[in-house]
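Comments concern the structure below.
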Ligand code: CTP
Ligand code: MG
């Protein structure tokens, strides 16, 4: 049941438009990244956290972690140009674990029970991701006209954490790097190798804070919790 987790936090937060990396935005007085780190700090099944950050923000993250008493971050790694490069760098610092999780720093509400379900599935399936059923009708559009309505029952919105057997995700990242392939998530790098990825049904609350409106939703979720 044990695992290590790589947390990419080396983005710019451009779509949030906060004028700084969104990881440092306060939610109910505590920085976003601290909310995320606390989930793993408080999960005894988590052996180690590898935090991936921008070169010029290392000291900022270190100060925040010492202020908020976060002790499980055993490595701070410098990120890369794209999220995939940041995760790649983080994976190099993972220790001796069977299962590794990859979880966005900007996703502060994932629940421990779902993390554990994910880890269990990974042991038998090799790779597993949290996902929720799509609520909207999705249409494929070209030149501002509908091409088709995609059958909704087969559509899932994919979240993080995504969990993998360590050698599998390392190989997937190596192969993607060699081919110059950039995926929008880590599971897609495993999929392109022809390996299966299992779905664990998650929660709509496990949002990624991407644009300004997400901050309002995040505050509402936090109020509901306390
Ligand atoms: N991330 C990263 N390295 C990058 C880009 C993104 O570690 N080169 C991280 C972000 O910090 C975030 C997660 O990957 O925790 C998901 O990315 P996203 O939501 O796109 O965050 P940003 O890239 O920061 O935001 P934006 O795309 O709006 O600039
Ligand atoms: Mg981004």
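Any read-out appearing in this document is the output of simple, stated calculations on the displayed coordinates, not a laboratory observation. These numbers come from a predicted model, not from an experiment. A quick note on method: Cβ atoms are made from the backbone with ideal geometry, for glycine too, and the neighbour counts reach across all protein chains shown.
Choose one answer from 194, 80, 126: the residue with the largest mean-square fluctuation in a GNM of the chain with alpha-carbon springs under 10 Å.
Highest fluctuation of the listed residues: 194.
Taking every DSSP beta bridge with both residues inside segment 87-226, roughly what % is antiparallel (nearest 5)?
80
In what sequence, highest mean first, do 25-37, 173-185 appear when ranked by Cβ atoms within 10 angstrom?
Details: 25-37: 18.3, 173-185: 14.0.
The peptides rank, most packed first, as 25-37, 173-185.
So if each residue of separation counts as 0.36 nm, and I subtract the Cα-Cα distance between residue 96 and residue 30, what length gain in nm does that give?
20.6 nm
What residue among 139, 208, 72 shows peak mean-square fluctuation when the chain is described by a Gaussian network model with Cα springs under 10 Å?
Among 139, 208, 72, the largest mean-square fluctuation in the Gaussian network model of the chain belongs to 139.
Quick one: length gained pulling residue 196 to residue 116 fully straight, 0.36 nm per residue minus the C-alpha distance?
Answer, rounded to one decimal: 26.9 nm.
Is the shape of the chain best called rounded, prolate or oblate, per the rule: a/c under 1.5 gives rounded, else a/b larger than b/c gives prolate, else oblate, with a ≥ b ≥ c the square roots of the Cα gyration tensor eigenvalues?
rounded
Using Cα-Cα distances under 8 Å and only pairs 6 or more residues apart, what relative contact order does the chain have, in percent?
23
For residue 151 and residue 63, what does the FRET efficiency come to when R0 = 35 Å and r is the distance between their Cβ atoms, rounded to the nearest 0.05?
0.10
Can you show me the helix-derived [θ] at 222 nm for the chain, built from DSSP H runs with n ≥ 4 at -39,500 (n - 2.57) apiece and divided by the number of residues, rounded to the nearest 500.
Rounded to the nearest 500, it is -10000 deg cm²/dmol.
How high is the relative contact order of segment 99-160, in percent, counting Cα pairs under 8 Å that sit 6 or more residues apart?
The normalised contact order for segment 99-160 reaches 32 percent.
Using the reciprocal of the averaged 1/r over all distinct C-alpha pairs, how large is the Kirkwood radius of segment 1-43 in Å?
For segment 1-43, the Kirkwood estimate is 11.7 Å.
Identify the residues of segment 161-189 with backbone N under 15 Å of a label point that sits 7 angstrom from the Cα of residue 140 along the Cα-to-Cβ direction, or state none.
Inside the label zone: nothing.
Mind giving me the nanometre distance, one decimal, between the label points for residue 15 and residue 75, set 7 Å out from Cα along Cα→Cβ?
It is 2.8 nm.
Please identify, among 77, 119, 58, the residue showing maximal mean-square fluctuation in a Gaussian network model of the chain using a 10 angstrom Cα cutoff.
Checking each option, the largest mean-square fluctuation is seen for 58.
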